[in-house]
1. Confirm whether A297 is in contact (Cβ under 8 Å) with a residue 12 or more places away in the chain and either buried (at least 24 other Cβ atoms within 10 Å of the Cβ) or touching a Cys at 6+ places or on another chain (Cβ under 7 Å) (or both).
2. Can you find even one residue in the stretch 52-75 that is under 19 Å from A292 (Cα atoms), more than 16 Å from the chain's Cα centre (by Cα) and of a type in the set (F, W, Y)?
3. Which one of these is more than 19 Å from the chain's Cα centre (by Cα) and not assigned by TED's automatic domain parsing to the domain that holds S107: A26, A31, A48?
4. State whether the residues of the stretch 308-321 include one that is assigned to a loop (DSSP other than H, G, I, E, B) and of a type in the set (F, W, Y).
5. Pull up the stretch 301-332, narrow it to residues that are closer than 17 Å to G248 by Cβ and aliphatic (A, V, I, L, M), then point me to the one that is surrounded by the fewest Cβ atoms within 10 Å (Cβ to Cβ).
6. Restricting attention to the stretch 62-85, does a residue exist that is crowded, with 22+ Cβ neighbours inside 10 Å, touching a Pro at 6+ places or on another chain (Cβ under 8 Å) and not β-branched (V, I, T)?
7. In the stretch 1-23, which residue that is among the hydrophobic types (A, V, I, L, M, F, W, C) and farther than 10 Å from R205 by Cβ is surrounded by the fewest Cβ atoms within 10 Å (Cβ to Cβ)?
8. If you go through the stretch 282-294 one residue at a time, how many are part of a helix (DSSP H, G or I) and surrounded by fewer than 21 Cβ atoms within 10 Å (Cβ to Cβ)?
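The values are calculated or read from the model by the stated rules, or taken from the named source; none is laboratory data. Since we're looking at a predicted model, the values are computed, not measured. A quick note on method: Cβ atoms are made from the backbone with ideal geometry, for glycine too, and the neighbour counts reach across all protein chains shown.
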Amino acid sequence: MNHLPAALPPDPLPKHRLKLENIVLAATLIAPEFLNSPQFNCEPLDEALGCHLTLKLETANPIRSFKGRGAGFLIASRARDGGLHGRRIIGASAGNWGQALAYACRSHQIPLTLFAATTANPLKVARMRALGADMVLTGHDFDAAKQAGEAHAKAAGALWVADGLDPEAAEGAATIAIELLASPERPDVLVIPLGNGALLTGMARWAKAAHPGIEVIGVQASGADAMEKSWRSGQLVFPPAVATIADGIGVRVPIAEAVEDMKGIVDDVLLVEDAQIISAMQLLFKTAGLLAEPSGAAGVAAIVAYQDRFRGRSVATVICGSNLTEDQVRRWLA
């Protein structure tokens, strides 16, 4: 189904780093298996939450996460412009971004090295390898691995790509909002997981231009609130550690460009506890039969935690990842 608009909406922020025309271009370059993801309302879930909730399911694709859109647009657009000829790409990932990069690089026959923490989800590490990435496991958390990867790329003269840093990642993710808001029953509020920022800023950028009255809310784990604190205070905040089960949004070092991108398009950021995330995962499984990893359930966790704020409203969220190990499924969903 073609959700592309007949014309670009008026741009309230023409100097914004994320460009509306690039978002539309992304929808033509992203591999079709990542586009037109299911979106639906689950009545038992509505009853449990007290609102009308549209779920955008970004797990029904080859890597089981939304990241295929941003990585796909980044690699496809730069390959088209000739900027990747003969170059190795180096990146860092907690798992889903790395899988997306590996999938896109394999499609374009571009060599890729990925850095991940020694504590990274073993299922995600195995999938990154299976998709063709050379893996380097180093550092105690994602940001330590990311710093090592960036230093290695600089020393080797390779191309460093980072989720949230490269605008194409957010512009690709924004295509989710094009599809979601093409429905005649548009939500009043979007509740979007926030990690490095690509999903939230991309969707917010399109949503605020196409439907200025819509409310956009980000969600972070309380044990990984660097982006929330940085956005709220107006200066970069660096917590000493990350403590959350939501590895996909477990950011310790905020990305300055992504924090800047949030200005003027994000209305609020809510924090949720790990216990609330687990409750949301269980609720999604029980009511909708959906398997969501912790970061993928963060939006529903916020609706659980702040139920009075969303009661009676028309809400939408993105189930943005479902990469769980067997042990995690037994621990959290059994």
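1. On the way: in contact (Cβ under 8 Å) with a residue 12 or more places away in the chain: yes; either buried (at least 24 other Cβ atoms within 10 Å of the Cβ) or touching a Cys at 6+ places or on another chain (Cβ under 7 Å) (or both): yes.
The answer is yes for A297.
2. no
3. On the way: A26 fails: more than 19 Å from the chain's Cα centre (by Cα); A31 fails: more than 19 Å from the chain's Cα centre (by Cα).
Residue meeting the stated conditions: A48.
4. If we filter the stretch 308-321 for residues that are assigned to a loop (DSSP other than H, G, I, E, B), which is where we start, we get 311-313, 320.
Of the ones still in play, those that are also of a type in the set (F, W, Y) are none.
No, the conditions are met nowhere in the stretch 308-321.
5. If we take residues in the stretch 301-332 being closer than 17 Å to G248 by Cβ and aliphatic (A, V, I, L, M), then V329 is surrounded by the fewest Cβ atoms within 10 Å (Cβ to Cβ).
6. Checked against the condition, which is being crowded, with 22+ Cβ neighbours inside 10 Å, touching a Pro at 6+ places or on another chain (Cβ under 8 Å) and not β-branched (V, I, T), the stretch 62-85 yields at least one hit.
7. Initially, the stretch 1-23 is screened for residues among the hydrophobic types (A, V, I, L, M, F, W, C), giving 1, 4, 6-8, 13, 18, 20, 23.
Next, from what is left, pick out any that are farther than 10 Å from R205 by Cβ: 1, 4, 6-8.
Working: M1: 6, L4: 12, A6: 4, A7: 7, L8: 13.
Here the answer is A6.
8. First pass over the stretch 282-294, keeping only residues part of a helix (DSSP H, G or I): 282-288.
With surrounded by fewer than 21 Cβ atoms within 10 Å (Cβ to Cβ) added as a condition, the list becomes 282, 285-288.
Residues in the stretch 282-294 being part of a helix (DSSP H, G or I) and surrounded by fewer than 21 Cβ atoms within 10 Å (Cβ to Cβ): 5 in total.
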